[in-house]
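Okay, so here's the structure we're looking at.
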Amino acid sequence: MRAWILIMSLAVAASGCRSEGGGHLQSTMTYEISNTGKNSDMTGVTDERYDQFGAFITSITPSRFVGKFLHVRYSNRVEGQPPGEEFNLDLVDNQLDIASPMRIADFTNNASVTFAPEGAEVRATTELKYFMFIALFWYQELELPEQYAPFQGGMLQYLNFDNGIAENFDGHTMGAVKEGNFLRASHENFMEPIFESVWTGHDSLQPMQAQFYVFGNTDSTWVFYAEQPPTFSNDNPMAQGGYVIRSDRYVPTTITVIPEGETRTIRATMSFNTTELIHIYAGADNTPYTSDDIFVYAPRFWERISVALEYD
């Protein structure tokens, strides 16, 4: 097992507050990635299968899995909230340079990533109803079954690796490349079949995919499409356009008033269980290891994400 610890600085946006108090959450922070092997609770891993992609062939656990975020936020903001009571706690600020390493979280081997943001003033007790983020990409490395080694170029209809791979994590996406049966790829190939039921593969336009994930203030998991121009609502609390993923896999945390002059340490721990994350299906011809096979994230893959917020 391996462990990595990086020391960096994250910005925090905290707004609104009434009542007494005015102490601070502790301003020092670490960004810590602890690789502890397979999660014992198997968060979000089920035997659920898709029924629209042909016969199930196999599932694969990536040997590497990395997320890059545009924005990561806790919030209490809801419809009808009185002015001045909004409170946002940003773990990754969207004003960071796009190439900032602070946007990167390495979930390889089901590692947990701990953010400890700096300098949030708390003057009123508040319940953080939401955990939400905008994901720029999910990047994975994996061994495909050896039967796919001979496939080159555009020979796989639903797995595009013609455009090469980025040299680093500085951009908005990574691309994809296959060497034999070893694949390095961004998320697009694995999400496209989910969000476009009539997609015919890489001979057509790529379908729109979800980037905005909202956990909390709901009693189920579901996906909806927010038309342009998007508007704020309890189900779209950052007013994002396109597909929005909603999930109840979040326990709200209440932050109480911190007396003036005192500090508290706050830590947000995020994990993504990637065990058997990639599914392969036999496609329209229902014959394994042929050109129309489907490569896709497991059903409701976002339910594999978990987060906990603690402070003392």
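Of the residues making up region 250-270, none is of a type in the set (A, V, I, L, M, F, W, C), surrounded by 14 or more Cβ atoms within 10 Å (Cβ to Cβ), free of Cβ contacts under 8 Å to residues at least 24 places away in the same chain and out of contact with any helix residue (DSSP H, G or I) (no Cβ under 9 Å at 6 or more places or on another chain).
Is there a residue being within 30 Å of VAL122 (Cα to Cα) and modelled with pLDDT of 95 or more anywhere in region 44-67? Checked region 44-67: at least one residue is within 30 Å of VAL122 (Cα to Cα) and modelled with pLDDT of 95 or more. For region 117-142, taking the residues that are surrounded by fewer than 18 Cβ atoms within 10 Å (Cβ to Cβ) and modelled with pLDDT under 95, the one that is farthest from PHE65 (Cα to Cα) is identified as THR125.
One line per residue, one yes/no per condition, for (1) among the acidic types (Asp, Glu); (2) over 15 Å from the mean Cα position of the chain (by Cα); (3) not in a loop (DSSP other than H, G, I, E, B):
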site: TYR213; (1), (2), (3): no, no, yes
site: GLY261; (1), (2), (3): no, yes, no
site: HIS279; (1), (2), (3): no, yes, yes
site: GLY283; (1), (2), (3): no, yes, no
site: ASN286; (1), (2), (3): no, yes, no
site: ASP292; (1), (2), (3): yes, yes, no
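Going through region 181-232 one residue at a time, which ones are at positive phi and at pLDDT 95 or above? Correct list: GLY216, ASN217.
Residues of region 153-165 include none that is touching an Asp or Glu at 6+ places or on another chain (Cβ under 8 Å) and in a strand (DSSP E or B). Please verify whether region 239-247 includes one or more residues that are out of contact with any Cys (no Cβ under 9 Å at 6 or more places or on another chain), among the aliphatic types (A, V, I, L, M), surrounded by 15 or more Cβ atoms within 10 Å (Cβ to Cβ) and outside any strand (DSSP E or B). Looking for residues that are out of contact with any Cys (no Cβ under 9 Å at 6 or more places or on another chain), among the aliphatic types (A, V, I, L, M), surrounded by 15 or more Cβ atoms within 10 Å (Cβ to Cβ) and outside any strand (DSSP E or B), one finds none in region 239-247, hence no. Quick check: is even one residue across region 96-116 at pLDDT below 95, touching a strand residue (DSSP E or B) at 6+ places or on another chain (Cβ under 7 Å), assigned to a loop (DSSP other than H, G, I, E, B) and within 27 Å of LEU144 (Cβ to Cβ)? Checked against the condition, which is being at pLDDT below 95, touching a strand residue (DSSP E or B) at 6+ places or on another chain (Cβ under 7 Å), assigned to a loop (DSSP other than H, G, I, E, B) and within 27 Å of LEU144 (Cβ to Cβ), region 96-116 yields at least one hit. Residues that are among the hydrophobic types (A, V, I, L, M, F, W, C) and either over 22 Å from TYR297 (Cβ atoms) or exposed (fewer than 12 other Cβ atoms within 10 Å of the Cβ) (or both) within region 143-154 comprise just one, ALA149. All of (1) in a loop (DSSP other than H, G, I, E, B); (2) out of contact with any Lys or Arg (no Cβ under 7 Å at 6 or more places or on another chain) hold for PHE190 with one exception: (1).
All conditions in (1) more than 18 Å from ASN88 (Cβ to Cβ); (2) touching a strand residue (DSSP E or B) at 6+ places or on another chain (Cβ under 6 Å); (3) among the charged types (D, E, K, R) hold for ASP285, with the sole exception of (2).
Selection of region 46-84 for residues being touching a residue at least 60 places away in the same chain (Cβ under 8 Å), over 23 Å from MET102 (Cβ atoms) and surrounded by 22 or more Cβ atoms within 10 Å (Cβ to Cβ) yields only PHE53. Taking VAL72, is it assigned to a strand (DSSP E or B), more than 29 Å from GLU260 (Cα to Cα) and of a type in the set (Val, Ile, Thr)? Judged against the criteria, VAL72 is not a match. Checked against the criterion of being in contact with a helix residue (DSSP H, G or I) (Cβ under 9 Å, 6 or more places away or on another chain) and under 28 Å from MET270 (Cβ atoms), the candidates PHE224, PHE190 yield just one match: PHE190. Which of the residues belonging to region 294-307 are among the charged types (D, E, K, R) and in a loop (DSSP other than H, G, I, E, B)? Across region 294-307, the qualifying residue is only ARG300.
The values are calculated or read from the model by the stated rules, or taken from the named source; none is laboratory data. Quick caveat: nothing in here was measured; it's all calculated off a predicted structure. So basically every Cβ, Gly included, is an ideal-geometry build from the backbone, and we count neighbours across all protein chains shown.
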